[in-house]
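A.B. asks: Can you read through this structure? Questions will come right after.
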Ligand SMILES: *Cc1c(COP(=O)(O)O)cnc(C)c1O
């Protein structure tokens with residue numbers, strides 16, 4: 001729950017987590033700042049025992065700062081909630097597309113979670129982080145032959161999305177006769193949920209998964225392929241979802257198909273319900289806690305199975321955003337200011353759409369604090385602009401902040417999910433560094449991209465160099 005101390009309502013303190021007992025932390029997805037956020041004696045924001053202004057001095061800005069405690073807490077809350085609310089076997093897997101890098105994969109692995117990957121690159125990263133292939137689920141609606149072979153060699157479970165992939169996989173796996181390939185089938189469940197159109201995936205008009213009316217044919221095809229060991233069904237309805245009902249509806253649909261699949265003699269014993277739990281980007285967001293979400297999903301599966309007198313399947317969930325989103329903030333340095341009388345004041349920061357493309361892609365709304373003056377009164381409404389050559393490059397429209405000056409450190413909250421992973425080099429701006437903080441220790445987990453890094457993949461054909469002769 002967000003702090004409501006009225007004496008602080010007017011300052012950056014209002015976004016601090018209200019945490020009294022670190023042994024029973026609140027659900028990270030309901031907080032704007034990481035769980036360890038506090039204000040130190042210099043009136044600066046501290047996360048994981050590290051002063052954000054000091055981190056920027058040392059590592060520069062923009063800077064992603066990841067709080068290890070918050071990330072681990074989210075992992076534990078998911079696992080413990082499944083143990084508490086589901087009587088069958090369960091597995092939580094991290095949808096690593098939210099943020100795939102070695103350090104984050106390693107932390108999540110050490111918490112006992114599995115992984116969902118959607119490309120050869122994410123699979124490579126996860127394996128390099130030390131994760132065993134048999135804990136990895138390979139997704140995607142257009143996997144290449146190379147990716148399928150890589151996934152098979154690595155001992156992953158492959159979530160089959162469509163007919164082309166199914167026939168490719170049947171061929172490849174038949175050549176490799178020693179061992180069958182563990183696969184699951186992705187269904188489009190036909191469930192609508194209230195989220196941005198681009199992150200909705202479960203309605204019928206979706207590029208992902210088999211249409212329900214194809215399923216009987218798919219099941220009968222798979223049942224004739226001994227090289228494919230079809231262990232389960234998968235569906236994912238979308239992302240940044242606050243409602244519980246669509247997840248409960250999904251449970252009903254999946255259990256119905258689980259029962260039908262058994263008529264084809266398939267050993268289907270696993271249901272993967274996808275991810276999708278939302279997080280707080282502003283104080284108006286009101287997602288259920290991790291425990292509440294798990295309880296809703298688990299009890300819906302249990303009652304659907306009970307009604308059909310089916311044994312409980314192994315239940316898999318694959319959250320991304322709600323594991324990593326609230327664990328990270330992005331620190332920027334404030335630069336230029338433009339006041340347009342009666343219209344708007346812009347303040348510009350040293351990053352923007354290249355490190356956080358969500359506002360320009362999904363009109364996402366964020367909150368920020370001024371990390372070097374946390375108690376300052378919030379006196380003006382300004383638009384925080386990025387530095388890219390794009391009018392839509394706005395970090396926050398109408399942010400309520402203290403009067404800012406060039407050199408202030410502006411910290412945007414809840415930037416762990418789909419920020420670094422969707423970052424680009426637009427305008428040839430290097431991607432920021434990322435720092436992991438924990439109990440006063442700060443470790444670099446991703447280096448800042450240098451100018452040299454930016455041209456590292458560029459090639460100059462010799463004839464272009466030769467043609468320089470004609471220059472004046
Ligand atoms: C993106 C995605 C997830 C994770 O979604 P979140 O909203 O980040 O929890 C899980 N499964 C699949 C198949 C996805 O595409």
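The values are calculated or read from the model by the stated rules, or taken from the named source; none is laboratory data. The shown structure was predicted, so the numbers you read here are calculated from the model rather than taken from an experiment. As a convention, Cβ positions derive from the backbone with ideal geometry for all residues, glycine included, and neighbour counts pool all protein chains shown.
A.B. asks: Output yes when any residue across region 79-92 is surrounded by fewer than 17 Cβ atoms within 10 Å (Cβ to Cβ), touching a helix residue (DSSP H, G or I) at 6+ places or on another chain (Cβ under 9 Å) and closer than 22 Å to residue 241 by Cα, and no when none is.
C.D. replies: yes
A.B. asks: Another question, then. Mind checking which strands (runs of 3 or more DSSP E) fall wholly inside region 310-399 and carry at least 1 residues that are over 25 Å from residue 438 (Cα atoms)?
C.D. replies: Those strands (runs of 3 or more DSSP E) span 314-317, 328-340, 344-349, 380-385.
A.B. asks: Among the residues of region 173-191 satisfying the criterion of being closer than 17 Å to residue 224 by Cβ, in contact with a strand residue (DSSP E or B) (Cβ under 8 Å, 6 or more places away or on another chain) and away from the ligand (no atom under 16 Å from the Cβ), which is modelled with the highest pLDDT?
C.D. replies: So the residue we want is 181.
A.B. asks: Within region 33-53, does at least one residue satisfy the condition of being part of a helix (DSSP H, G or I), more than 30 Å from residue 335 (Cα to Cα) and at pLDDT 95 or above?
C.D. replies: Scanning region 33-53 turns up no residue that is part of a helix (DSSP H, G or I), more than 30 Å from residue 335 (Cα to Cα) and at pLDDT 95 or above.
A.B. asks: Would you say residue 154 is at pLDDT below 75 and more than 16 Å from the ligand (Cβ to nearest atom)?
C.D. replies: The answer is no for residue 154.
A.B. asks: Residues that are farther than 24 Å from residue 134 by Cβ and either within 16 Å of the ligand (Cβ to nearest atom) or out of contact with any helix residue (DSSP H, G or I) (no Cβ under 8 Å at 6 or more places or on another chain) (or both), at least 3 per element: which helices (runs of 4 or more DSSP H) completely within region 198-308 meet that? Working first, answer last.
C.D. replies: Working: elements: 215-223, 245-262, 290-307.
In region 198-308, 245-262, 290-307 are the helices (runs of 4 or more DSSP H) which contain 3 or more residues that are farther than 24 Å from residue 134 by Cβ and either within 16 Å of the ligand (Cβ to nearest atom) or out of contact with any helix residue (DSSP H, G or I) (no Cβ under 8 Å at 6 or more places or on another chain) (or both).
A.B. asks: OK, next. Checking residue 73 against (1) surrounded by fewer than 18 Cβ atoms within 10 Å (Cβ to Cβ); (2) without any contact (Cβ under 8 Å) to a residue 60 or more places away in the chain: exactly one of these is not met. Which one?
C.D. replies: It fails just one condition, (1).
A.B. asks: Then there's this: Of the residues that make up region 98-121, is at least one more than 28 Å from residue 356 (Cβ to Cβ), outside the structural domain of residue 311 (by TED's automatic domain parsing), more than 16 Å from the ligand (Cβ to nearest atom) and over 15 Å from the mean Cα position of the chain (by Cα)?
C.D. replies: Yes, region 98-121 has at least one match.
A.B. asks: Name the residue, out of 366, 346, that is assigned by TED's automatic domain parsing to the domain that holds residue 58 and under 28 Å from the mean Cα position of the chain (by Cα). Write out each step before concluding.
C.D. replies: Values: 346 fails: under 28 Å from the mean Cα position of the chain (by Cα).
Matching residue, one of 366, 346: 366.
A.B. asks: What about residue 304, is it touching a strand residue (DSSP E or B) at 6+ places or on another chain (Cβ under 8 Å), crowded, with 18+ Cβ neighbours inside 10 Å and in contact (Cβ under 8 Å) with a residue 24 or more places away in the chain?
C.D. replies: no
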